[in-house]
Amino acid sequence: PSHDNAGCDSIAQLILTVLPNTGSSTIVKICSNQLPYNWNGTNYTTSGTYSYHLTNTAGCDSTAILQLIIAEPSQSNTQIQICKEQLPYRWNQQTFNIAGTFVVHLNNISGCDSAATLQLTISPSPMDFYLGNDTSICPGDTLRLNPGNFSQYLWQDFSTGNHYTVTQSGNYSATVSNQFGCKRTAS
């Protein structure tokens, strides 16, 4: 107890209210081509965690935290060589019917622009070849099948010579490949 001016006991009561500090946390992910990032009047150009102190409506300290993540755009270059028979060519949800260099803009895994470049080369197919008309041979005779000059040969029996010697009745076929790996078949 305390005493008042007259010497009497008096009771003093204190009501104390503790006002809260406040804070916030924000995560921002942007692409580097969107820099600078402005937060609370300050420009930021590098990834990091930043804090900003201010006074809240209760008059207490308030801390705002920014976690800034800067992602990079990306580029890729793909070189594809196909045979004419493989047209149309599908790549990154697009269809291509001619040779050339094509750029497709997509979002990469970070959500930033990805410039994907396709260099498409279309190789010529082997020229047509002919194994001859259907024919008959006598027992003991042979017939030489010669498709012409190519890089690779594959006959119906999986042999790989540049010609095939027929000695008995049957169906004969050859698949030839040119220097680009393009194929053509005749029988």
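The values are calculated or read from the model by the stated rules, or taken from the named source; none is laboratory data. Please read all numbers here as calculations on a predicted model, not as lab measurements. Note: accessible area is taken over every heavy atom of the protein model, side chains too, but ligands, DNA and RNA are not part of it. Shrake-Rupley method; radii C 1.70, N 1.55, O 1.52, S 1.80 Å.
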When ligands, DNA and RNA are left out and all protein chains stay put, how many square angstrom of accessible area per residue does the chain have with a 1.4 Å probe? 70
In Hz, Karplus ³J(HN,Hα) per residue of the range 48-57 (6.51, -1.76, 1.60; θ = phi - 60°; x = Gly, Pro): x, 10, 10, 10, 9, 9, 8, 10, 7, 5
Phi angles of the range 113-130, converted by Karplus (6.51 cos²θ - 1.76 cosθ + 1.60, θ = phi - 60°) into ³J(HN,Hα) in whole Hz with x for Gly and Pro, give 4, 10, 8, 9, 10, 10, 10, 9, 10, 10, 8, x, 7, x, 5, 4, 9, 9
Expressed as a percent, the accessible surface of the range 34-110 that is carbon or sulfur, using a 1.4 Å probe and the full set of protein chains, is 48
Quick one: compute the contact order of the range 1-149, relative version, from alpha carbon pairs under 8 angstrom and 6+ residues apart, as a percent. 18
Full-stretch length increase - LEU106, ASP128 - with 0.36 nm per residue and alpha-carbon distance subtracted: 3.9 nm
With a ≥ b ≥ c from the Cα gyration tensor eigenvalues, square-rooted, and the rule rounded for a/c under 1.5, otherwise prolate when a/b > b/c and oblate otherwise, the chain is prolate
Counting pairs of alpha carbon atoms under 8 Å apart in space and at least six apart in sequence, what relative contact order in percent does the range 70-187 give? 23
Under the classification rounded if a/c is under 1.5, otherwise prolate if a/b is larger than b/c and oblate if not, where does the range 26-93 fall, given a ≥ b ≥ c as square roots of the Cα gyration tensor eigenvalues? prolate
